[in-house]
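S.K.: Shown below is the structure under consideration.
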């Protein structure tokens with residue numbers, strides 16, 4: 001008897017009043033509205049304006065007119081082909097270096113650091129509290145021609161006096177690898193950390209040695225993290241201009257520098273926008289490719 | 001039993017991990033700290049010229065007067081103010097996004113996710129120049145306000161992602177229980193949800209503060225004549241970076257270390273309490 005008395009009420013509970021249903025449907029939108037609105041206004045809309053500006057012609061004095069001037073793209077890419085090549089070369093080298101440096105360290109912390117895992121991860125991230133500009137200047141000081149590293153070696157004539165590290169592609173690439181290191185380290189560590197230890201144990205029980213366990217179990221499972229790291233390191237490294245400014249020389253200019261100069265010094269906004277938009281298209285292509293294979297989970301969770 | 005032990009020990013013959021890997025990991029840590037150590041050492045350099053590159057001698061006088069350069073002090077103040085405002089706004093907006101994404105399935109969520117990922121992955125030069133074209137198109141005067149607009153924008157995705165990671169382990173039954181007991185949605189949020197996700201929200205706020213204080217590229221595009229700390233330092237490199245920059249950098253580093261230690265201790269204490277309560281139960 002009691003059950004039948006309760007029944008209509010719970011049936012009513014399953015279908016709340018219209019006002020409540022509308023409120024429930026609206027809640028997520030009300031929650032995301034301020035943040036999403038901010039991103040729409042100051043991130044998505046600017047990208048639209050970047051695209052529009054890249055198709056304009058004119059100059060700072062006479063003003064700019066929108067006339068679908070695709071010439072900015074071909075002109076910019078031809079004029080700065082060498083700088084684009086530098087960006088790809090140094091950015092690529094930096095990504096590779098960051099991967100080679102980060103993967104074994106992340107692997108050791110995730111699998112062998114035991115109870116001190118969290119402490120090691122924190123230590124690895126601590127240097128990045130200091131401003132990026134100061135860190136890069138410190139590298140410049142450390143690697144300078146007669147600095148704390150090369151000076152003593154030159155004094156005892158281990159190195160010839162004209163030996164340089166600064167102004168070489170290696171200096172720029174390692175500077176970039178250093179700058180964006182956390183973006184490589186964290187996704188790789190997260191994907192290694194997530195691996196179910198029982199898989200490793202069962203591989204061992206099935207007579208795999210450590211190398212085989214790594215090759216057939218751990219490495220394949222860490223691939224989403226590796227690709228996320230490559231993406232998150234490579235994209236900003238390609239366009240950076242601070243490292244090249246402090247650690248590079250006249251022969252190592254990258255496109256990021258050109259874009260910044262065209263905006264701030266030459267005020268050739270259409271050309272600068274076209275160069276920047278080339279990067280945006282490249283980024284979109286890489287993200288779409290990544291999303292196709294792995295989804296967005298590795299990039300935004302953990 | 002003996003056979004089992006033999007099987008378990010067999011893989012251990014190939015022990016690459018025994019010393020090569022830990023040595024490598026510690027070398028990486030040395031590499032990561034190299035520029036920080038240089039920065040701290042040169043904060044004690046008794047340099048007299050404009051350039052603080054050659055080691056002259058030991059002094060602590062820069063620590064006695066870290067704020068003697070007025071424009072530098074002003075830049076530090078601007079940085080702290082803009083980063084604090086941006087942190088508060090971004091933490092609130094980012095947490096709201098994280099809550100919506102955790103609790104509701106809604107139309108447009110995939111688009112929102114893509115925008116967040118793009119914002120995190122995009123090159124700063126691209127974001128900065130895009131913002132500049134927008135501000136130029138609408139004749140927005142560049143300065144403190146545009147810096148805050150930009151810093152909130154690039155902090156929101158990091159906050160949303162960090163808080164979402166914390167929410168992943170959150171049991172929705174707790175909220176339902178509170179509402180069954182008659183709590184309003186606001187009471188539920190402030191008395192149940194917020195206390196539980198607070199460590200994640202605080203971590204996200206710290207992260208937002210850190211990236212705002214640190215940012216050079218995007219800020220430089222939208223700053224106009226306003227100078228933040230990284231902008232001041234970058235401008236100073238042409239004339240020589242004064243040791244005061246190393247002193248302030250050292251303070252920032254020590255602040256970061258202290259805050260992380262506080263977090264680590266708080267987490268350890270919380271974990272112990274949970275374990276103790278579990279043991280009692």
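Values in this text are rule-based calculations from the coordinates and carry no lab data. Since we're looking at a predicted model, the values are computed, not measured. Reconstructed Cβ throughout: ideal geometry from the backbone, glycine too, with neighbour counts over all protein chains shown.
S.K.: Report Rg/Rh for the protein assembly as shown, rounded to two decimals, where Rg is the Cα radius of gyration and Rh the Kirkwood radius. Numbers along the way, then the final one.
M.R.: Working: Rg = 26.5 Å, Rh = 26.4 Å.
The Rg/Rh ratio comes out at 1.00.
S.K.: Okay, next question. Ratio of alpha-carbon Rg to the 2.2 N^0.38 Å globular estimate for segment B:94-178, to two decimals, please. Can you show the working numbers first?
M.R.: Details: Rg = 16.4 Å, N = 85, 2.2 N^0.38 = 11.9 Å.
So segment B:94-178 has a normalised radius of gyration of 1.38.
S.K.: In whole Å, what is the distance between the alpha-carbon centres of segment A:253-299 and segment A:93-138?
M.R.: What the calculation gives is 26 Å, centre to centre.
S.K.: With just the Cα atoms defining each centre, how far is segment B:232-260 from segment B:74-107? Give it in Å.
M.R.: Spelled out, the Cα-based centre of one part sits 25 Å from the other.
S.K.: Another one. Quick check: the distance between the Cα centres of segment B:110-180 and segment A:173-227, to the nearest angstrom?
M.R.: Segment B:110-180 and segment A:173-227 have Cα centres spaced 29 Å from each other.
S.K.: Something else: Nearest 500 deg cm²/dmol is fine: what mean residue ellipticity at 222 nm does the protein assembly as shown get from its DSSP H runs of n ≥ 4 alone, each adding -39,500 (n - 2.57), divided by its residue count?
M.R.: -23500 deg cm²/dmol
S.K.: Extent of segment B:70-241 along each principal axis, from alpha carbon coordinates, in Å, largest to smallest?
M.R.: 65, 34, 25
S.K.: Here's a follow-up. Give the relative contact order (percent, whole number) for chain B; include only Cα pairs under 8 Å separated by 6+ residues.
M.R.: Working: 247 pairs, mean separation 85.2, N = 281.
So the answer I get is 30 percent.
S.K.: Then there's this: Quick one: if you stick a label point 7 Å off each Cα along the C-beta vector at residue B:181 and residue A:198, how many nm between them?
M.R.: Roughly 3.5 nm, to one decimal.
S.K.: Next question. Estimate the FRET efficiency between residue B:274 and residue B:104 by the formula 1/(1 + (r/R0)^6), using the beta-carbon distance for r and 25 Å for R0, to the nearest 0.05. Please report the intermediate quantities before stating the final value.
M.R.: Working: r = 29 Å, r/R0 = 1.16.
E between residue B:274 and residue B:104, to the nearest 0.05, is 0.30.
S.K.: Percent relative contact order of chain A, based on C-alpha pairs within less than 8 angstrom and at least six residues apart?
M.R.: Working: 303 pairs, mean separation 77.0, N = 302.
Value for chain A: 26 percent.
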